[in-house]
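Some notes on the structure that comes next.
The values are calculated or read from the model by the stated rules, or taken from the named source; none is laboratory data. Everything numeric in this text was worked out from a predicted model, so none of it was measured. Glycine also receives a Cβ, built like all others from the backbone with ideal geometry; neighbour counts cover every protein chain displayed. Ligands, DNA and RNA are stripped out before the accessible areas are found, and what is left, the full protein with its side chains, is counted by its heavy atoms. Shrake-Rupley method; radii C 1.70, N 1.55, O 1.52, S 1.80 Å.
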Amino acid sequence: FGVFSVALVFSFSSKLFGKKAGYIAAWLAALNFFFIKRSLELEPRVMIAYFVLAAAYFAQKGRDYLPYAALAGSFAVLTHYSSGIFLAAIASYYLWEFRKSVKPRHLVLPLALFAALMAPWLVRNFVVFGNPLYSTAKYVMYLPSTDDLQTLEPPTPSSYIGALGGGYAGVAKAA
């Protein structure tokens, strides 16, 4: 995904600012230490960057490419839900930039495609966890020890207090 992200940076920058700026942006992305490091690790950040860049690229191309933007956007959200913030910004830009030419009927297919791709994940989370937007990521920051990763039970409010108040001794004081 890293190589394809650099290619998307080039295409997107070239279209917006010219070919010279596209080459400079692509080189800066390709030589960025953070980007290289994340590309070599098994983390979703580079994949998210690729899908968000693809969504922005297709949205910027115009309404004929909106289904592709919706497809890339749904893959970005399915990779990590936090990419929805970037997609909201892209959608706001698109609606503002093309406000005179876009009609509600132009948005039906992209929104339906996005909803169809997101529905299985939302339904699964609702069935399994009782919340369609459930994420275990909110618990990771507050784990007092890595032993807690081995349990299937999510942390309780008292374990949050314990983690902030000095480990398990804080849990005993809070309880």
Taking region 125-140 and keeping only residues that are modelled with pLDDT of 80 or more and touching a Pro at 6+ places or on another chain (Cβ under 6 Å), one is left with ASN125, PHE126
From VAL3, VAL46, grab the single residue that is among the β-branched types (Val, Ile, Thr), more than 28 Å from HIS106 (Cα to Cα) and open to solvent by 40 Å² or more (accessible area, probe 1.4 Å). VAL3
Only one of (1) open to solvent by 40 Å² or more (accessible area, probe 1.4 Å); (2) touching a residue at least 24 places away in the same chain (Cβ under 8 Å) fails for ALA55. Which number is that? (1)
Need the failing condition index for LEU109 against (1) free of Cβ contacts under 8 Å to residues at least 12 places away in the same chain; (2) open to solvent by 90 Å² or more (accessible area, probe 1.4 Å), just the number. (1)
Hits in region 6-43 (condition: within 18 Å of the chain's Cα centre (by Cα), over 21 Å from SER74 (Cα atoms) and surrounded by fewer than 18 Cβ atoms within 10 Å (Cβ to Cβ)): PHE34, GLU41
Tell me, yes or no, whether region 42-56 has at least one residue that is more than 25 Å from PRO132 (Cα to Cα) and basic (Lys, Arg). no
If a residue must be more than 19 Å from LEU53 (Cα to Cα) and either touching a Ser or Thr at 6+ places or on another chain (Cβ under 6 Å) or surrounded by fewer than 15 Cβ atoms within 10 Å (Cβ to Cβ) (or both), how many such residues does region 71-105 contain? 6
Is there a residue in region 10-32 that is of a type in the set (Ser, Thr, Tyr) and under 30 Å from TRP121 (Cα atoms)? no
